[in-house]
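A short write-up of the structure that comes next.
Coordinate-derived values only; no laboratory data. Please read all numbers here as calculations on a predicted model, not as lab measurements. Note that we place each Cβ from the backbone using ideal geometry, even for glycine, and neighbour counts take in every protein chain shown.
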Amino acid sequence: PSVRSAPPSGPPDRTVERPVREDQALLYRLTGDLNPLHADPLFARAAGFDRPVLHGLCTYGITLKAVVDTLLDGEASRVRSYGARFASVVYPGETLRVRMWRGGGAGTSAGVGRAGAGAGAGAGAGAGAGAVRVAVSAVERGDAPVLADVVVQHD
């Protein structure tokens with residue numbers, strides 16, 4: 001079952017911006033996802049988009065790398081689980097704004113995310129097990145949400 005949570009309140013602990021390369025969707029096709037939605041402008045328009053869109057899993061990966069690099073000292077092995085809800089598409093060439101709240105964020109309940117995984121306040125780099133709540137938006141579209149309900153559980 002899908003569960004939606006309110007975005008964290010209060011200012012994020014960290015905010016980073018990650019530019020998406022114009023050719024990122026074409027490079028991501030090398031993973032074997034050859035859906036023309038990501039490469040063919042005519043197909044994308046017929047599907048209701050202005051232009052080809054970035055693969056959702058590529059957006060997912062860019063986001064997790066931003067969290068790992070920013071709050072987990074670049075140590076991907078510390079990630080225990082990661083969940084997100086796709087809220088909108090990302091277009092190649094856009095900039096992703098990644099906002100991060102340690103410990104689940106102010107006004108959120110501890111324990112958000114995987115069952116049995118606590119999200120202690122102040123969790124983050126060097127702070128032991130915890131959770132990071134994340135909001136991801138497209139800067140060029142007025143900070144339109146692209147990933148929501150993002151939780152990274154970590155050691």
Listing LEU37, LEU30, LEU54 by rising number of other beta-carbon atoms within 10 angstrom, fewest first, gives LEU30, LEU37, LEU54
Fewest to most Cβ atoms within 10 Å: SER9, SER137 sort as SER9, SER137
Distance in nm between pseudo-label sites at ALA87 and ALA46 (7 Å out along the Cβ direction from Cα):
3.2
Fewest-first ordering of ARG133, ARG51, ARG18 by Cβ atoms within 10 Å yields ARG51, ARG18, ARG133
